[in-house]
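Okay, structure first, notes after.
Values in this text are rule-based calculations from the coordinates and carry no lab data. Source: prediction; values computed, not measured. A quick note on method: Cβ atoms are made from the backbone with ideal geometry, for glycine too, and the neighbour counts reach across all protein chains shown.
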Amino acid sequence: MTHTNPIIPKPQIPHRDLLQLRVIPTKAELLEDIARLRKERNAVILAHNYQLPEVQAIADYVGDSLGLSRQAAQTAADVIVFAGVHFMAETAVILNPSKIVLLPDLRAGCSLADTLTAQGVRDWKAKNPTGLVVTYVNTTAEVKAESDYCCTSGNAVQIVQALPEDVPILFAPDRYLAAHVIRETGRQMDVWDGACHVHQAIRPEDVTCQQAAYPNAELLIHPECGCSSRILSEFPDLKLYSTEGMIHRAQASEAQEFIVVTEIGMVTRLSNDIPDKTFIPVSRTACCEYMKMITLESVRDALLNLQPRVTVPEEIRVCALIPLERMIAKG
Ligand code: SF4
């Protein structure tokens, strides 16, 4: 009796599944595509300090909110790819409406911006008709349109100091930045009870623990951190820095090691800018998952498809432009 091998049928891939097969590009391919597309689209890539290292590496400019706003306002590019979160892309649209502004992942929001609505500001203004509203730049376009001034952590003190005396002030939405501004200016203000989940989660124990591990390291503290006020009460002379202020301080300081008390992405920025010094994150969990949603692949896709695009209705844009321009003028 002869044996014949059974015929094993070849697996059949249904046509619909074939369509779903996706080739994962290599990093080199993505970088090549991005380099080609950014030229073809005449695009500029603006990245926040909290972006992934590989995204910071492809950016034309890396900075904090104020620096990115300035770049967005003056760019000659046709397309702005905003490697940041939604309110930042909106800010770019408000400042430069003739440009196509792309946010590579529309899920990239901000827990701090989400705490404040335009209606919340309108309600305060109804009770304080002579009052002035100062909002942190981490707000939606609608909230900016209801504000008198926008500020960053770098110029909040300066902006509040310049406001007329005896006028009610609402400072929103970050209660920790508000506490810092009140301490520095001595002004009484109504404070919106908002906070960023990342900075709020940084505990004083995280700071003391890293100080014990790195006794020669200098602290670089950002005013949004939840631990700032408690740390300041223990070390009254300690200075708070904006993101750009951190870079200037680290360059000028004689210290070789620094504990960075803010979102972990700042360690990448500082290490890139000042490679001969060592930067230690206060906590490896101080990480903004919204910021990390932007990837090389989503940047490539945004350039390829010119989507997702962020827009702001014109009636809101013109109102939001006024407080933003005041913020930029203050430096
Ligand atoms: S770190 Fe906080 S304030 Fe900054 S984008 Fe993320 S959630 Fe918003």
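Overview of results
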read-out	value
Residue of R249, R70, R175 that the Gaussian network model of the chain assigns the largest fluctuation, springs spanning Cα pairs under 10 Å	R249
Normalised contact order of the chain, rounded percent, pairs of Cα under 8 Å and 6 or more residues apart	23
10 Å binning of all Cα-Cα separations within segment 113-195, expressed as whole percents from 0 upward	20, 58, 22, 0
Percent of beta bridges antiparallel (DSSP, the chain, rounded to nearest 5)	5
Rounded Å value of the spacing that divides the Cα centres of segment 270-287 and segment 311-325	35
Selected from M189, M266, M88 as most flexible by GNM, with the chain as the system and alpha-carbon contacts under 10 Å	M189
The chain: most fluctuating residue of D301, D190, D123 per GNM, C-alpha cutoff 10 Å	D123
Cut-off 14 Å, label 7 Å out along Cα→Cβ of R36, residues of segment 284-299 by amide N	none
Over the chain, volume per residue of the alpha carbon convex hull, in Å³	209
Extension gain (nm, one decimal) between E54 and Q188, 0.36 nm per residue minus Cα-Cα	43.9 nm
Pair Q307, Q74: separation of 7 Å Cα→Cβ label points (nm)	3.5
Nitroxide proxy distance, nm - points 7 Å out along Cα→Cβ at R203 and A255	2.2
